[in-house]
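FYI, it's all coordinate maths here, none of it is from the lab. Remember, it's a predicted structure, so these values are computed and weren't measured experimentally. All Cβ positions, even for glycine, are placed from backbone atoms using ideal geometry, and neighbour counts span all protein chains on display.
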Amino acid sequence: MADAIVHPSAPLVSGANAPETGVVGSVGIARERVAAALSAAIGLRDPYTVGHMQRVADLACAIGSELGCSETEVSVLRIGACLHDIGKLHIPLEVLTSPAPLSPLEYDVLKQHAHAGRAVVGCVGFDRGVDDAVLQHHERLDGSGYPDGLRGTAIAFEARIVAVADVVEAMSSPRPYRAALGVPAALREIERGRGRLYDPDVVDVCLHLFFTTTFRF
């Protein structure tokens, strides 16, 4: 949970539709368009990944909104989530689309997408939260994640939200090497990992969205 976030609840918005004006608004819109272009680029190579990123963004923004993020913060979340796997442009397609579980060597190659993605978004000048979400979305509270083995609040707030949304969407959807496991299994996973792997506040809000609201992918 981001200790500094004390904003009143804000509606779920796309950054492209946020009510910004003037030079700041123009820069924000330009960055949204760059993000869309990058997302489209990976979609041409790997349609599964771009659909996954878009669905993760929807859930991440819903979580952020429920946690009281401002419209600007939700916009940063949306961009970070929409680009969180952009580093997979660097990964060989045979690894991304392997019909069998990855070998340890292939998994090490796949893990390179976090640093590769950070290198891509770092060239654009997005907000720091975007860079953090892309680099850190596979970090886990107990230090068991990658690429840097960060622990607890050393993991950026945006990355902690995207991490939960990423797990739920990935388990809910089919992958090249397995059928979809379904939303109930995904929610059980984040509940089991609450406070150990995943931010407990983020998990609680995610469960609330699926159990007591109309949120669906």
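Within the range 114-146, the set of residues being assigned to a loop (DSSP other than H, G, I, E, B) and either surrounded by 17 or more Cβ atoms within 10 Å (Cβ to Cβ) or out of contact with any helix residue (DSSP H, G or I) (no Cβ under 9 Å at 6 or more places or on another chain) (or both) comprises CYS123, PHE126, ASP127, HIS137, HIS138, GLU139, ARG140, LEU141, SER144, GLY145, TYR146. Here the condition is being part of a loop (DSSP other than H, G, I, E, B), in contact with a helix residue (DSSP H, G or I) (Cβ under 8 Å, 6 or more places away or on another chain) and within 23 Å of ALA179 (Cβ to Cβ); of LEU102, LEU59, it holds for LEU102 alone. Remark: ALA154 falls outside the filter, which requires a residue to be more than 24 Å from ILE29 (Cα to Cα), surrounded by fewer than 21 Cβ atoms within 10 Å (Cβ to Cβ) and in contact (Cβ under 8 Å) with a residue 60 or more places away in the chain. Every listed requirement among (1) under 20 Å from ALA62 (Cα atoms); (2) of a type in the set (D, E, K, R); (3) not in a helix (DSSP H, G or I) is met by ARG160 save one, (3).
Among the residues here, ARG160 does not qualify as charged (D, E, K, R), touching a Phe, Trp or Tyr at 6+ places or on another chain (Cβ under 9 Å) and more than 21 Å from GLU66 (Cα to Cα). If the condition is being of a type in the set (Ser, Thr, Tyr) and under 16 Å from PHE126 (Cα atoms), then the range 55-81 contributes THR72, SER75. Against the list (1) over 30 Å from THR214 (Cβ atoms); (2) part of a helix (DSSP H, G or I), the condition SER39 fails is (1).
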